[in-house]
1. Does segment 179-193 contain at least one residue that is touching a residue at least 24 places away in the same chain (Cβ under 8 Å), within 15 Å of the chain's Cα centre (by Cα) and open to solvent by less than 30 Å² (accessible area, probe 1.4 Å)?
2. So, in segment 149-178, of the ones that are small (Gly, Ala, Ser) and under 21 Å from LYS29 (Cβ atoms), which residue ends up surrounded by the fewest Cβ atoms within 10 Å (Cβ to Cβ)?
3. Kindly list the number of the only condition in (1) part of a loop (DSSP other than H, G, I, E, B); (2) open to solvent by less than 60 Å² (accessible area, probe 1.4 Å); (3) not acidic (Asp, Glu) that fails for HIS83.
4. Are any of the residues in segment 14-25 out of contact with any helix residue (DSSP H, G or I) (no Cβ under 6 Å at 6 or more places or on another chain), closer than 30 Å to LYS88 by Cα and touching a residue at least 60 places away in the same chain (Cβ under 8 Å)?
5. Name every residue in segment 98-132 that is out of contact with any Asp or Glu (no Cβ under 7 Å at 6 or more places or on another chain), of a type outside the set (D, E, K, R) and open to solvent by 40 Å² or more (accessible area, probe 1.4 Å), in order of residue number.
6. Taking interchain pairs and intrachain pairs at least six residues apart, which have beta carbon atoms under 6 angstrom, with the first residue in segment 115-138 and of a type in the set (Ser, Thr, Tyr) and the second surrounded by 16 or more Cβ atoms within 10 Å (Cβ to Cβ) and outside any loop (DSSP other than H, G, I, E, B)?
7. Working only within segment 1-50, note down all residues that are assigned to a loop (DSSP other than H, G, I, E, B), modelled with pLDDT of 90 or more and within 28 Å of ARG125 (Cα to Cα).
8. Identify the single condition in (1) modelled with pLDDT of 95 or more; (2) part of a strand (DSSP E or B); (3) not acidic (Asp, Glu) that CYS159 does not satisfy, given that it satisfies every other one.
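The values are calculated or read from the model by the stated rules, or taken from the named source; none is laboratory data. Treat the numbers as computed from the prediction; the structure is a model and nothing was measured. Cβ coordinates were reconstructed from backbone atoms using ideal geometry, including for glycine residues, and neighbour counts include every protein chain displayed. SASA here: full protein model, heavy atoms, side chains in, ligands and nucleic acids out. Shrake-Rupley method; radii C 1.70, N 1.55, O 1.52, S 1.80 Å.
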Amino acid sequence: SSIAVKDFVNHNWQWSEPKVISAPETDNKNSCLLPEKVRGRYVILHRMAGKEIAIDYLDDLSDLQNEGAWLEKEQSIGPRKGHWDSLKIGIAGPPLLVDQGWLLLYHGVSEIDFHYRVGFMLLDRDDPGNVLYRSPYPILRPTEEFERIGDVNNVVFPCGAVIVNGTLFVYYGGADKVVCVATAQLKELLAQIR
């Protein structure tokens, strides 16, 4: 679905009719568009079949309005065996453009304890399927009672992030019951990459 910027700003909620962008039998979620085109193309991140981040490129978003025009997973980034994100991963909202590339926050689930944690990747600015760096450890994990006990226990599930004056604000759900925010200094976070 989409809406004209003018209508959005004026709270005139004239959204276009929603379109399905995956085959009906496909479990697909955690999707977003990159905030700007890459090499003249739109980039869609999503999660097909529940375990990995899929990446598709489109010349025109209207291509998805054609009957049977589904996302197909041109590239993907998968879980890592033996790590904190070994069972499945998914995006935490649109990546943020930083000097080094696209900063992508993501959730990862361990096949050992099934806890949801948050990590980050740095994707190549011109080829988002190329992972330049991936955090070896989570940057956020369920430690507080409101993250450990709720509708689904032991979950920190990021939903979006912004950078304001050098501070990264990560908005996330705790135990599928509360909405939270965590902060980090962007410079300190990105210093891990060196």
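1. No.
2. GLY160
3. Result: HIS83 passes all but (2).
4. no
5. GLN100, ILE112, PHE114, HIS115, TYR116, VAL131
6. Qualifying pairs under 6 Å: TYR116/HIS107; TYR116/VAL109; TYR116/VAL155; TYR116/VAL156; TYR116/PHE157; TYR133/LEU122; SER135/GLY119; SER135/PHE120.
7. ILE3, ALA4, LEU34, PRO35, GLU36, LYS37, ARG39, GLY40
8. Condition not satisfied by CYS159: (1).
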